[in-house]
1. So in segment 13-55, with the set limited to residues that are over 19 Å from residue 180 (Cα atoms) and at pLDDT below 90, which one is surrounded by the most Cβ atoms within 10 Å (Cβ to Cβ)?
2. Please work out if residue 79 is more than 30 Å from residue 185 (Cβ to Cβ) and either out of contact with any Cys (no Cβ under 6 Å at 6 or more places or on another chain) or not in a helix (DSSP H, G or I) (or both).
3. Considering 58, 73, which residue is in a loop (DSSP other than H, G, I, E, B), modelled with pLDDT under 90, open to solvent by less than 30 Å² (accessible area, probe 1.4 Å) and out of contact with any Cys (no Cβ under 7 Å at 6 or more places or on another chain)?
4. Name the residue, out of 118, 112, that is in a helix (DSSP H, G or I) and out of contact with any Gly (no Cβ under 9 Å at 6 or more places or on another chain).
5. For segment 89-119, give me each residue that is of a type in the set (Ser, Thr, Tyr) and within 14 Å of the chain's Cα centre (by Cα).
6. From the set of residues in segment 76-88 that are within 18 Å of residue 30 (Cβ to Cβ) and in contact with a Leu (Cβ under 7 Å, 6 or more places away or on another chain), which is surrounded by the fewest Cβ atoms within 10 Å (Cβ to Cβ)?
7. Restricting attention to segment 131-186, which residues are exposed (fewer than 13 other Cβ atoms within 10 Å of the Cβ), among the hydrophobic types (A, V, I, L, M, F, W, C) and in a helix (DSSP H, G or I)?
Amino acid sequence: MGVGAVEKMSPPAEPARIQLRLRELAQLFNSMDPSPFVDRDLDQDAEEFILGWARELPAGREFELVIHLAEQPPADRAAGAEDAVRRYFASRGEMKGRELRQLLRRGRISLLAGLLFLGGCYLLSVLVGRLGVFSGVAKEGLIIVGWVAMWRPLEIYLYDWWPVRAEQKLLLRLARMSVRLVLPAA
């Protein structure tokens, strides 16, 4: 930008809408969960539907959950719906964060074990290399076995953590979404 140029501020993007149609608000929550309303788990089908739709929406935008209801919910339930949905996805996001930390911890332990094993295989290959005719094959075999032992730690650090982190980010975005109830016409 040149001197005196004015930077245009773009308005915030509209939230990406997730539309859900239910007969009654209770269908959104797990009927077997004895917790108070705001602490209840979502119904598995409702959660899968919301997650599936959220995965298809643009990554940079916030979400809005619009729940179309056929029956009027009790006033206290309608007022607590947004908080209940947000709490649910926030707790799922925290669980995913713990899963990611455990995966990375397992990766560190596996990396340490793999490096020790690789070092042992290398030292053994040096000793075997002095033996004779088939020592070249044995030496190369030990080095290959040592590198194969590094497969899992490298897999964790190169590939396995991405989907867990992406899922955590999605769940935390869902924990911030607004929830709007569209009630039946009176």
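The values are calculated or read from the model by the stated rules, or taken from the named source; none is laboratory data. On a predicted model such as this, the values are computed, not experimentally measured, just so you know. FYI the Cβ positions are ideal-geometry reconstructions off the backbone, even for glycines, and counts take in every protein chain you see. Each accessible area value is taken on the protein alone, full model and side chains, heavy atoms only, with ligands, DNA and RNA left out. Shrake-Rupley method; radii C 1.70, N 1.55, O 1.52, S 1.80 Å.
1. My answer is 30.
2. Details: more than 30 Å from residue 185 (Cβ to Cβ): no; either out of contact with any Cys (no Cβ under 6 Å at 6 or more places or on another chain) or not in a helix (DSSP H, G or I) (or both): yes.
No: the conditions fail for residue 79.
3. Values: 58 fails: open to solvent by less than 30 Å² (accessible area, probe 1.4 Å).
Exactly one residue qualifies, and that residue is 73.
4. Working: 118 fails: out of contact with any Gly (no Cβ under 9 Å at 6 or more places or on another chain).
After applying the criteria, what remains is 112.
5. We begin by selecting, within segment 89-119, every residue of a type in the set (Ser, Thr, Tyr); these are 91, 110.
Scanning segment 89-119 gives a single hit, 91.
6. So in segment 76-88, the residues within 18 Å of residue 30 (Cβ to Cβ) come out as 77, 80-88.
With the extra rule that they be in contact with a Leu (Cβ under 7 Å, 6 or more places away or on another chain), the set shrinks to 77, 81, 85, 88.
Numbers: 77: 17, 81: 22, 85: 25, 88: 24.
Residue satisfying both the conditions and the ranking: 77.
7. 137, 144, 151, 158, 162 - these are the residues of segment 131-186 that are exposed (fewer than 13 other Cβ atoms within 10 Å of the Cβ), among the hydrophobic types (A, V, I, L, M, F, W, C) and in a helix (DSSP H, G or I).
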